[in-house]
Amino acid sequence: MSARTASVERNTRETQIRVQINLDGSGQAQLATGIAFLDHMLDQVARHGLIDLSIQANGDRHIDDHHTVEDIGITLGQAFDQAVGDKKGLVRYGHSYVPLDEALSRVVVDLSGRPGLEYAVDFPRARIGEFDVDLFREFFQGFVNHAKVTLHIDSLRGRNAHHIIETVFKAFGRALRVAASRDERLGDVMPSTKGSL
């Protein structure tokens with residue numbers, strides 16, 4: 001059984017990012033994005049996805065957080081795509097419902113080879129602390145485009161913005177964990193009638 005790991009660097013005039021991922025980890029995270037709330041959310045992905053994740057990022061945050069957040073999504077997507085490999089023997093689909101007090105979110109993922117994002121998350125306010133909640137969509141769009149997955153994210157209810165997004169990231173981690181897990185009954189078979197993903 002080969003290691004499902006990847007290390008990806010992205011260096012532009014706007015950001016310098018390094019991501020290391022182990023899909024068969026224990027949920028350990030080393031995060032230094034310069035954006036504390038994003039670190040908190042990425043820690044949820046690692047912990048609930050049982051993914052070992054290391055992310056270091058420097059970006060032009062004197063302008064705003066947009067480039068850094070989007071490029072972290074891009075780089076994480078590239079790393080996930082590399083680590084998941086040819087997808088033979090994988091479950092392929094994953095979903096999770098996660099509650100936190102009054103909030104409830106559902107995330108569904110398909111390791112389809114085709115990028116697609118459906119994102120239905122409404123927040124009761126525009127910022128959580130200093131973090132602009134519009135940037136979460138940019139993060140997930142960057143991830144989807146480069147992981148080449150179909151991702152549906154729905155906030156089903158919630159009044160507290162922190163609770164809402166935390167349920168999304170926890171469900172995202174758990175859905176990835178299921179989709180990327182091996183199904184021994186498939187052996188080395190591609191989970192698609194096409195024979196490829």
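The values are calculated or read from the model by the stated rules, or taken from the named source; none is laboratory data. Everything numeric in this text was worked out from a predicted model, so none of it was measured. When we count neighbours, we look across all protein chains shown, and the Cβ atoms used for this are built from the backbone with ideal geometry, even at glycine.
Scan segment 2-14 for residues that are over 14 Å from residue 146 (Cβ atoms) and either in contact with a helix residue (DSSP H, G or I) (Cβ under 6 Å, 6 or more places away or on another chain) or assigned to a strand (DSSP E or B) (or both) and report the count. The number of residues fulfilling the criteria is 5.
Selection of segment 51-86 for residues being touching a His at 6+ places or on another chain (Cβ under 7 Å) and more than 23 Å from residue 181 (Cβ to Cβ) yields 59, 60, 74.
Within segment 154-197, the set of residues being within 19 Å of residue 44 (Cα to Cα) and either at pLDDT below 95 or among the polar types (S, T, N, Q) (or both) comprises 155, 160, 167, 181. Can you tell me how many residues in segment 132-148 are over 11 Å from residue 116 (Cα atoms) and touching a strand residue (DSSP E or B) at 6+ places or on another chain (Cβ under 6 Å)? Looking only at that region, the number is 1. Residue 102 passes every criterion in (1) in contact with a helix residue (DSSP H, G or I) (Cβ under 7 Å, 6 or more places away or on another chain); (2) surrounded by 21 or more Cβ atoms within 10 Å (Cβ to Cβ) apart from (2). Pairs are defined by a Cβ separation below 7 Å, a sequence spacing of at least 6 or placement on different chains, a first member in segment 37-58 that is at positive phi and surrounded by fewer than 20 Cβ atoms within 10 Å (Cβ to Cβ), and a second member that is part of a helix (DSSP H, G or I) and among the polar types (S, T, N, Q); no pair meets this definition.
Only one of the numbered conditions (1) under 30 Å from residue 63 (Cα atoms); (2) assigned to a loop (DSSP other than H, G, I, E, B) is violated by residue 153, and that is (2).
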